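J.: The structure follows.
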Amino acid sequence: MAQAIELARQGTALAHPNPRVGAIVLKDGRVVGEGFHVYDKRDHAEIVALKQAGGKARGATLYVSLEPCCTTGRTGPCTEAIIASGIRRVVAAIEDANPAVSGRGIAQLRRAGVQVEVGVGEEEARQRNEDFAWWIRTKRPLVTLKTALTLDGQIASRAGSTTWITGEQSREAVQRLRHEADALLTGIGTVLIDDPRLTDRTGEPRRRPLLRAVVDSRLRMPLKSKLVKSAQDDLVIFTLQSPDSPKASALRKAGAEVLRTPARRGRVDLHAVVRELGRREVLNMLLEAGAELNGAALEAGIVDKMILFYAPKVMGTGGVPMAHVRAARWFSKSRALKNVRAMIYGSDVCVEGYFHDVYGNHRSRRAN
């Protein structure tokens with residue numbers, strides 16, 4: 001199962017909007033077929049592995065990181081192909097979070113006489129597809145707020161400045177997070193201060209370009225910014241201004257998309273932004289912003305997960321906090337992060353946790 005889950009990882013940035021899935025066919029202690037899902041190649045991981053195994057699949061065991069599908073979409077049901085292949089036993093890490101499949105694929109296999117076990121490698125398999133599980137149920141992306149900060153919670157030495165805080169290993173980890181994401185969201189303040197590119201610099205393949213999204217209520221986006229100059233149908237600007245304005249027309253001519261959104265308290269409605277990105281089949285959105293947008297996102301309740309890279313440094317007074325929120329109004333009602341874990345990157349400590357249970361009440365049904 002560990003091998004199957006590792007195969008699923010190879011589908012990162014290649015499988016969405018489908019889940020990342022890996023599969024292995026084991027016969028007499030030997031791997032005779034393996035595969036992972038790539039959206040553009042259509043075949044699901046189970047089918048790739050079964051085709052590779054051929055006749056050796058009869059009487060074998062199929063290890064798969066996600067419950068086999070039993071519905072017809074772009075491809076036929078994997079359950080029928082498994083049954084036809086003569087597979088004797090299926091070991092699935094987790095049930096599919098898709099309500100159209102959840103538990104039904106397992107039931108169909110069992111009715112056909114296939115032995116099924118569920119729950120091996122469950123936690124790791126859940127993490128591999130937490131974004132799909134959230135999107136398929138809510139139709140909005142899993143929103144992860146990522147930031148680098150000092151031990152006393154500062155992200156910059158002063159307002160309007162750029163401060164490198166964490167080390168090289170943390171920055172490499174951020175690039176991997178960008179590779180896993182379908183979209184990045186930032187605010188116009190970050191653009192004006194840092195002039196970032198917001199690109200995936202891992203060099204690993206993607207089937208869709210990383211969508212770069214900017215919240216810019218007054219449409220202050222500079223035409224000479226790195227974002228606009230590098231736009232190739234991968235930049236969308238959410239604003240309150242008219243899409244027919246001269247500035248909007250100039251941005252569109254430069255390759256950016258300008259989208260007018262509803263207002264909430266005089267600013268872009270972040271719920272509308274998240275809904276629109278979900279409609280575009282963005283499963284995983286990384287929020288890389290400054291204190292203003294971080295605070296607005298937290299207060300709006302759109303943040304599902306937080307990843308905080310702490311450098312072993314103290315900024316002191318006068319620095320910029322990670323989020324501008326009104327403590328008196330926010331702290332008493334804020335949720336505590338759940339499923340918190342810590343990792344080490346060089347001399348930095350990364351803490352991640354969740355505001356929401358991304359799998360809801362969904363739990364695997366282990367075989368007795």
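J.: Roughly what % of DSSP beta bridges within the chain run antiparallel, to the nearest 5?
T.: 45
J.: Using Cα positions and a limit of under 15 Å, work out the aspartates and glutamates in reach of LYS51, with same-chain residues fewer than 8 apart set aside.
T.: Partners found: GLU34, ASP43, GLU80.
J.: Now for a separate question. Whole number in Å², please: accessible area per residue of the stretch 14-105, 1.4 Å probe, ligands, DNA and RNA not counted.
T.: Per residue, the stretch 14-105 has an accessible area of 38 Å².
J.: Please work out the Cα center distance from the stretch 223-288 to the stretch 60-129, rounded to the nearest Å.
T.: 39
J.: On each of the three principal axes of the Cα atoms of the stretch 303-343, give max minus min coordinate, whole Å, ordered largest first.
T.: 30, 27, 14
J.: Hey, what's the stretch 238-277 come to in accessible area per residue, 1.4 Å probe, Å²?
T.: Accessible surface, normalised per residue, equals 55 Å².
J.: Moving on. Among rounded, prolate and oblate, which fits the stretch 146-212 when a ≥ b ≥ c are the square roots of the eigenvalues of its C-alpha gyration tensor, a/c under 1.5 means rounded, and a/b larger than b/c means prolate?
T.: Note, shape of the stretch 146-212 comes out oblate.
J.: Would you mind classifying the stretch 88-235 by shape? Square roots of the alpha carbon gyration tensor eigenvalues, ordered a ≥ b ≥ c; an a/c under 1.5 is rounded, otherwise it is prolate if a/b is larger than b/c and oblate if not.
T.: Prolate is the answer for the stretch 88-235, as a/c is 1.5 or above and a/b outweighs b/c.
J.: What fraction of the Cα pairs in the stretch 244-333, stated in percent, has a spacing above 22 angstrom?
T.: So the pairs more than 22 Å apart make up 45 percent of the total in the stretch 244-333.
J.: In Å and whole numbers, how far do the C-alpha atoms of the stretch 106-193 stretch along each principal axis, longest first?
T.: Principal extents (Cα only, largest first): 66, 27, 22 Å.
J.: How charged is the neighbourhood of GLY76? Take every other residue with its Cβ under 12 Å from the Cβ of GLY76, and add Lys/Arg as +1 and Asp/Glu as -1.
T.: Summing Lys and Arg as +1 and Asp and Glu as -1 gives -1.
J.: Over 18 Å between Cα atoms: which of LYS146/LYS333; LYS146/LYS226; LYS226/LYS253; LYS146/LYS305; LYS313/LYS333; LYS146/LYS224 fall into that group?
T.: From LYS146/LYS333; LYS146/LYS226; LYS226/LYS253; LYS146/LYS305; LYS313/LYS333; LYS146/LYS224, over 18 Å: LYS146/LYS333; LYS146/LYS226; LYS313/LYS333; LYS146/LYS224.
J.: Which residue fluctuates the most in the chain, going by a Gaussian network model with Cα springs under 10 Å, if the choices are ARG326, ARG218, ARG88?
T.: ARG326
J.: So if I restrict to the alpha-carbon atoms in the stretch 117-158, what is the Rg, and what is Dmax, the biggest pairwise distance, in Å?
T.: For the stretch 117-158, the Cα radius of gyration and maximum Cα-Cα distance read 16.6, 55 Å.
J.: Expressed in nm², what is the orientationally averaged projection area of the convex hull enclosing the Cα positions of the stretch 218-368?
T.: Here the figure is 14.0 nm², rounded to one decimal.
J.: Also, quick follow-up: Would you work out what percent of the accessible area of the chain, with all protein chains in place, is carbon or sulfur (probe 1.4 Å)?
T.: With neighbouring chains kept in place, the figure for the chain is 49 percent.
J.: What is the mean projected area of the alpha carbon convex hull for the stretch 1-88, to one decimal in square nanometres?
T.: Average of the hull's projected areas for the stretch 1-88 equals 5.0 nm².
J.: Another question, if that's okay. Using the Kirkwood radius over C-alpha pairs as Rh, can you work out the diffusion coefficient of the stretch 192-265 via Stokes-Einstein at 20 °C, viscosity 1.002 mPa s, in µm² per second?
T.: D = 165 µm²/s.
J.: For the stretch 55-124, what mean projected area does the convex hull of the alpha carbons give, in nm²?
T.: Averaged projected hull area, Cα only: 4.6 nm².
J.: If you don't mind, there's one more thing I want to ask. So what is the 222 nm mean residue ellipticity for the chain from helices alone, if each DSSP H run of at least 4 adds -39500 (n - 2.57) and you divide by all residues, rounding to the nearest 500 deg cm²/dmol?
T.: Rounded to the nearest 500, the figure is -7500 deg cm²/dmol.
J.: Top mean-square fluctuation among SER245, SER170, SER157, Gaussian network model of the chain, C-alpha springs under 10 Å?
T.: Top of the fluctuation ranking is SER245.
The values are calculated or read from the model by the stated rules, or taken from the named source; none is laboratory data. As the structure is a prediction and not an experimental result, all values here were calculated from the model. All Cβ positions, glycine included, derive from the backbone under ideal geometry; neighbour counts span all protein chains shown. What goes into the accessible areas is simple: the full protein's heavy atoms, side chains included, and nothing from ligands, DNA or RNA. Shrake-Rupley method; radii C 1.70, N 1.55, O 1.52, S 1.80 Å.
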